[in-house]
Amino acid sequence: MKVKLKKYFFSDTLKAYFLNEVNMDRSAAHEKLVDALLVALSKAGDCRVWRQPTGAAYRDGKLVRYGVLGSADISGIMRNGKRLEIEVKTGRGVQTERQKAFQSVIANFGGLYLVARDVESVVNLVKSAANV
């Protein structure tokens, strides 16, 4: 038995809307803060951290999603073995509902989830939490 698969094509407007929802526009200030946090936390030595990208891109004409929707911008592990997640916000940025749900999962399993707006406070919080 031969099965025909239908291909669905989205309008350019719908594609733009979908991609903007999944892969939020990242401002230069946001990227600068993410970079500064990665460097500062790595130098502090209380954790190992890395970028945790989430989004969508076209590959060979097909839309491919990557990452976990709602996950934080920075992921890592602290010296005490606990999971670390840092959501970076600049300007008037606020968490999405998916990000709040992800925060709940991390907290319920004993990890540390932070919303970062500056470097110094995050480094201090991680130092305190990692040495508990």
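The values are calculated or read from the model by the stated rules, or taken from the named source; none is laboratory data. Computed from a predicted model, the values in this text were never measured in an experiment. So basically every Cβ, Gly included, is an ideal-geometry build from the backbone, and we count neighbours across all protein chains shown.
Can Leu84 be described as modelled with pLDDT of 95 or more, within 20 Å of Ala29 (Cα to Cα) and not in a loop (DSSP other than H, G, I, E, B)?
Criteria not met by Leu84.
Considering the stretch 112-132 alone, what residues qualify as being surrounded by fewer than 17 Cβ atoms within 10 Å (Cβ to Cβ) and either at pLDDT below 95 or part of a helix (DSSP H, G or I) (or both)?
Result: Val119, Glu120, Ser121, Asn124, Leu125, Lys127, Ser128, Asn131, Val132.
Enumerate the pairs (first residue in the stretch 27-42 and under 16 Å from Val115 (Cβ atoms) and touching a residue at least 12 places away in the same chain (Cβ under 8 Å); second residue anywhere and among the charged types (D, E, K, R) and buried (at least 18 other Cβ atoms within 10 Å of the Cβ)) with beta-carbon separation below 6 Å, excluding pairs fewer than 6 apart on the same chain, so at least 6 apart or on different chains.
Val34/Asp73
Tell me, yes or no, whether the stretch 99-111 has at least one residue that is of a type in the set (Val, Ile, Thr) and assigned to a loop (DSSP other than H, G, I, E, B).
No: the stretch 99-111 contains no residue that is of a type in the set (Val, Ile, Thr) and assigned to a loop (DSSP other than H, G, I, E, B).
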